[in-house]
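No value in this document is a laboratory result; all are computed from the given coordinates. Not measured: the values here are computed from a predicted model. As a convention, Cβ positions derive from the backbone with ideal geometry for all residues, glycine included, and neighbour counts pool all protein chains shown.
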């Protein structure tokens with residue numbers, strides 16, 4: 001895969017899957033914009049690790065519509081175009097229905113949907129406006145195995161990712177005529193900061209054994225799937241949900 005001359009925006013690009021994806025695109029010649037919400041140090045570290053030049057870091061909270069619009073304008077202003085957008089930003093907040101208060105339940109749902117679904121939808125909208133003007137582009141949204149399997153302690157997360165899948169497939173249908181192609185990756189557990197706590201707990205060994213490979217995914221493996229869906233030649237896969245879970249959950 002060659003992404004020379006391509007400009008890429010990755011939300012939540014400073015750590016985990018986002019960082020691995022940024023490094024992978026940069027290695028293949030792309031100019032990368034790393035979006036982050038608060039961890040400036042992690043974003044700068046990622047930028048320093050990337051091959052090539054002219055990469056940028058953009059601080060923006062995608063739960064705020066005006067910040068999404070400003071972020072996209074900054075990327076296009078810097079690179080002159082936006083070829084590929086990877087919606088990776090997300091939160092994973094536990095809120096078991098039989099343990100949390102009603103107020104905490106509402107708070108978890110509001111925050112999770114605002115970032116994982118509504119924020120992603122706004123990123124897609126703003127990106128599509130530029131991509132339609134320039135004659136096409138690619139959007140890859142990072143979903144989750146939990147959209148299909150269920151998330152009993154993170155119900156808003158599972159629902160947000162199911163909504164992300166439906167939104168992505170609807171956009172794949174509506175944007176195809178503009179040569180904008182939309183793909184989705186749905187990882188299971190991945191070795192990231194977001195999953196580190198549960199993987200280090202007494203549940204970690206059982207989680208790894210969910211896959212016949214006896215482990216969870218590495219961020220680089222998810223990045224490879226993202227790049228595949230963003231690459232030339234994958235156009236007829238628009239609307240596809242690519243499972244990256246090591247056969248830990250097989251859906252019909």
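Using the number of other C-beta atoms within 10 angstrom as an exposure proxy, rank 236, 92, 25 with the fewest first.
The fewest-first ordering by Cβ neighbours comes to 236, 92, 25.
Could you give the length gained on full extension between residue 132 and residue 97, defined as 0.36 nm per residue of separation minus the Cα-Cα distance, in nm?
Contour length minus Cα-Cα distance gives 8.4 nm.
Semi-axes of the range 47-142's equivalent ellipsoid from the Cα gyration tensor, sqrt of 5 times each eigenvalue, largest first, rounded to whole Å?
31, 15, 11
Whole angstrom only: what separates the Cα centroid of the range 98-116 from the Cα centroid of the range 118-153?
With the range 98-116 and the range 118-153 each reduced to a Cα centre, they are spaced 22 Å.
Quick check of the Kirkwood formula: for the range 122-184, what is the inverse mean of 1/r over all pairs of different Cα atoms, in Å?
Roughly 12.3 Å, rounded to one decimal.
Fully extended, how many nm does the chain gain between residue 197 and residue 249 (0.36 nm per residue separation, minus their Cα-Cα distance)?
Stretched fully, the residue 197-residue 249 segment lengthens by 16.6 nm.
When the C-alpha atoms of the chain are aligned to their principal axes, what extent does each axis show, in angstrom, from largest down?
49, 39, 39
As a test of the formula, what do you get for the chain when each DSSP H run with n ≥ 4 contributes -39,500 (n - 2.57) and the sum is divided by the residue count, at 222 nm and rounded to the nearest 500 deg cm²/dmol?
So the calculated ellipticity at 222 nm is -13500 deg cm²/dmol.
Quick one: 224, 157, fewest Cβ neighbours within 10 Å first, how do they rank?
224, 157
Counting other C-beta atoms within 10 Å, which of 84, 244, 56 has the fewest, and how do the rest follow?
Least crowded to most crowded, the residues run 56, 244, 84.
When only C-alpha pairs under 8 Å and at least 6 residues apart count, what is the relative contact order of the chain, in percent?
After rounding, I find 19 percent.
Determine, for each peptide in 71-77, 228-234, 38-44, the mean count of other beta carbons within 10 angstrom over its residues, then list the peptides with the highest first.
71-77, 228-234, 38-44
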